[in-house]
Structures are given as structure tokens and as C-alpha cells.
1. Of ALA60, ALA36, ALA71, which residue is over 15 Å from PHE84 (Cα atoms), at pLDDT 95 or above and of a type in the set (Gly, Ala, Ser)?
2. Tell me, which residue of segment 53-101 that is of a type in the set (Asp, Glu) and assigned to a helix (DSSP H, G or I) is farthest from ALA29 (Cα to Cα)?
3. In segment 53-75, what count of residues is obtained for those that are closer than 19 Å to GLY148 by Cα and open to solvent by less than 20 Å² (accessible area, probe 1.4 Å)?
4. Just checking, how many residues over segment 23-32 are assigned to a helix (DSSP H, G or I) and farther than 24 Å from ILE67 by Cβ?
5. Tally the residues that are outside any loop (DSSP other than H, G, I, E, B) and either open to solvent by 20 Å² or more (accessible area, probe 1.4 Å) or free of Cβ contacts under 8 Å to residues at least 40 places away in the same chain (or both), restricting the search to segment 2-22.
6. Among the numbered criteria (1) over 27 Å from PHE6 (Cα atoms); (2) surrounded by fewer than 16 Cβ atoms within 10 Å (Cβ to Cβ), which one does GLY148 miss?
7. Determine the pairs where a residue that is open to solvent by 40 Å² or more (accessible area, probe 1.4 Å), located within segment 77-100, has a partner that is in a helix (DSSP H, G or I) with Cβ atoms under 6 Å apart, the partner being 6 or more residues away or on another chain.
8. Give the number of residues within segment 190-211 that are farther than 22 Å from ILE165 by Cβ, in contact with a Lys or Arg (Cβ under 9 Å, 6 or more places away or on another chain) and not aromatic (Phe, Trp, Tyr).
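The values are calculated or read from the model by the stated rules, or taken from the named source; none is laboratory data. Everything numeric in this text was worked out from a predicted model, so none of it was measured. Here Cβ is always computed from backbone atoms with ideal geometry, including for glycine, and neighbour counts include all displayed protein chains. Please note that ligands, DNA and RNA were not included when accessible areas were found on the heavy atoms of the full protein model with its side chains. Shrake-Rupley method; radii C 1.70, N 1.55, O 1.52, S 1.80 Å.
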Amino acid sequence: MKPFIFRQFEIRQSESVFRVGTDGVLLGALASVAHASNVLEVGTGTGLISLMLAQRNLNAEFLGIDIHESATELTKLNFENSPFAPRVKNVHQDFKYFSTPEKFDLIVSNPPYFEVSDSDKDKIARQTVELNFRQLISKSAALLTEKGVFSVIIPVEAGKDFIDIAEENNLMLTRKINIKGIQTANTKRLILEFSLTAQPFTESEFIIEKSPRQYSDQYLELTKEFHVFRK
């Protein structure tokens, strides 16, 4: 399978691991990483999100974990071949049993959300059998610094439940980005950010395409430091 080429790094891909997708690119480009120094990614897949965040923040240290051994090996390869290799590490680990004395000031995840699927990679990467929202949220809350940020991208249909569970874990919603696939469509994804400390709430809209197969100016501007767009 061909690698996905970005401006400062490339992502090797595999049939057994989810490929580079728009959700990961959006979270990597939009998550609040500017003030982070210690970042955790839950469910690295190819390692894309951590590498994008490492490009955006040249001082932060990154740790990625994934329950899928193939994903862990692929992430390791992509991390080691990147210009950010000294700052990006990953481990093969079930997040439910992840233990560390460290706290993180940014935790990011493109979490599982498909309830049913036939393929093994779907069952591991996108089903609640391995890691459900409640487990992800409660564990992240315990690992977050007082002013840290927990940042996720999820389907809009899951938004209310996710926010409710976060509130049960003392995580307050600080940022919400409503993502539309195309300008005339309904919101299909949400980027949600939470903190243990009260902060001003912001809400915005993001449109991926202005018309079918035509990226919006908003998307082109957001990803211009990452994507290599062919003219």
C-alpha cells in the first residue's frame, strides 16, 4: 500500500490498520496543542495525529498507545522515520489498564464508535467492545493535568452522550467545532474539547468541501502546512 505523503513526514499504511482519513487530519490540525508540553494519544492507528501535533508544537513530548499490535508497529515505524522521532514514542497497551505517574496537558483521541462490523480491524479500532466512551473519558480525566485539554473527534450522533459522561467525570466542555462534510449538509462530526478547569466556551463551524470533491477555502487554509495539494 502506498504511503501518504505530507510536507514534513510520510505515513506508511497497512491493510490491517485504518488508513489516513479526514477525521484524523482534522483532529491533528485543530486540537489545542499550542500550550502543551506532555501529550498522550489514545489509539494511534498510523500515528498521523501525533505527528501532525508534533509539527505544530516543536517542544512537546508525545506518547501514543494502541491495543492493536499491528497499529503499534506501524506507528513505531512512522514515528522513527519522522523528523520528530526524538519527541514521539509509542507503546502497545490497552488504555483501560494503562498506568503511569505522569499527567498529560493534552490527551487526544479519534475514539471507537462503530457498534457493529465484520472485519477484525473494525472490531478492534471502532467498536465499544475494546474501549467504550465511558472508559475513555474516565481514564483520560484521571490522567489530565488541572488545566489540561481532552480533545476528541466523534460522530455528531454521539455528542450528547459523550458530553454527559464527561460532565459526570468533572470534565467541562470548553470548545465545540461542528464539522460539515459539505457546505449544504448537516453537521456530521464534532471536535469536542474538555478541561477539569472552567474556561470560556467557544463554538464554531468547519466545512470540509464547498462542493463535491472541491475542498473549501477553510480546509485548504487549515491543512496547507501538511497536505501536498496537486494543482
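1. Sole residue among the options that is over 15 Å from PHE84 (Cα atoms), at pLDDT 95 or above and of a type in the set (Gly, Ala, Ser): ALA36.
2. In this case the residue turns out to be GLU69.
3. Total meeting the criteria: 7.
4. 2
5. Adding up the residues that qualify gives 4.
6. All conditions pass for GLY148, except number (2).
7. From residues that are open to solvent by 40 Å² or more (accessible area, probe 1.4 Å), the pairs are HIS92/GLU69; HIS92/THR72; LYS96/GLN135.
8. Selection size over segment 190-211: 5.
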